[in-house]
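This structure is in structure tokens; I'll ask about it shortly.
The values are calculated or read from the model by the stated rules, or taken from the named source; none is laboratory data. Just so you know, these numbers come straight off a predicted model, no measurement behind them. Because the Cβ atoms are built from the backbone with ideal geometry, glycine has one as well, and the counts that use them run over all protein chains shown.
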């Protein structure tokens, strides 16, 4: 049995990650590929509890937040992602390790090596096969988030904060071009879906044949 592929969606608030993750899963299923969609923080009962805690109570120390995310990710990888991949199922996650690199690393200034060491214990060897970074100007992302309804504490951050986050994701895309594909999320939903499918087809489907 071939091992499944691991795809992650990353990007700022309002970029359309959840929508595109679901659309990609539907297209993969139509080709006969077994797939699950999950999210971070979340994906497991423990992860969902951590998500609720973090969204409700902002930790004073960024290290506290980082370790909460790391604990949720360890549970996510061990109980959901790795077993699915080993079973030949493809996994699509709405956010994963790159969000930690950007939010806790780029934004809050935690040492990249500290974050990388946590990844070695919580993610390795199950790093994403493909990461789709949906890029959108910060102002447009905030506007979309406002249209969704209630803003999370992340959505409600200042525009400068969202610009910093966008820079962080662009830096990752530039640093890891073999894993990451940058997609213009300002296009229509259908156009973004097409770009996502082209990236998955060229990077993973051709390899799987």
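Taking into account only those residues within the range 186-199 that are more than 20 Å from residue 143 (Cα to Cα) and either touching a strand residue (DSSP E or B) at 6+ places or on another chain (Cβ under 8 Å) or touching a residue at least 60 places away in the same chain (Cβ under 8 Å) (or both), which is surrounded by the fewest Cβ atoms within 10 Å (Cβ to Cβ)?
Only one residue tops the list, namely 197.
Assess whether residue 7 counts as being in contact with a strand residue (DSSP E or B) (Cβ under 8 Å, 6 or more places away or on another chain), under 17 Å from residue 99 (Cβ atoms) and either at pLDDT 95 or above or in a loop (DSSP other than H, G, I, E, B) (or both).
yes
Looking at 100, 38, 78, which one is surrounded by 17 or more Cβ atoms within 10 Å (Cβ to Cβ), under 18 Å from the mean Cα position of the chain (by Cα) and assigned to a helix (DSSP H, G or I)?
Just one listed residue meets the conditions, 100.
Go through the range 48-68 and count every residue that is at pLDDT 95 or above and either crowded, with 20+ Cβ neighbours inside 10 Å or part of a loop (DSSP other than H, G, I, E, B) (or both).
1
Look through 25, 15 and report the one residue that is under 21 Å from residue 127 (Cα atoms), outside any strand (DSSP E or B) and under 17 Å from the mean Cα position of the chain (by Cα).
The conditions single out 25.
Give me a count of the residues in the range 106-116 that are touching a residue at least 40 places away in the same chain (Cβ under 8 Å) and under 23 Å from residue 6 (Cα atoms).
1
Pairs please, first residue from the range 117-145 and without any contact (Cβ under 8 Å) to a residue 40 or more places away in the chain, second anywhere and part of a helix (DSSP H, G or I) and loosely packed, with under 15 Cβ neighbours inside 10 Å, Cβ atoms under 7 Å, 6+ apart in sequence or on different chains.
139/159
Quick grid of which residues meet (1) farther than 18 Å from residue 81 by Cβ; (2) touching a residue at least 40 places away in the same chain (Cβ under 8 Å); (3) touching a strand residue (DSSP E or B) at 6+ places or on another chain (Cβ under 9 Å):
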position	(1), (2), (3)
17	no, yes, yes
20	yes, yes, yes
24	no, yes, yes
27	yes, yes, no
31	yes, yes, no
37	no, yes, yes
52	yes, no, no
62	yes, yes, no
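Please state which of the following conditions residue 91 fails to meet, knowing it meets all the rest: (1) surrounded by fewer than 19 Cβ atoms within 10 Å (Cβ to Cβ); (2) outside any helix (DSSP H, G or I).
Residue 91 satisfies every listed condition except (1).
Restricting the search to the range 151-185, which residues are outside any helix (DSSP H, G or I), touching a helix residue (DSSP H, G or I) at 6+ places or on another chain (Cβ under 7 Å), surrounded by 12 or more Cβ atoms within 10 Å (Cβ to Cβ) and at pLDDT below 95?
Hits for the range 151-185 are 151, 152, 155.
In the range 116-141, which residue that is part of a helix (DSSP H, G or I) and surrounded by fewer than 18 Cβ atoms within 10 Å (Cβ to Cβ) is nearest to the chain's Cα centre (by Cα)?
Residue satisfying both the conditions and the ranking: 119.
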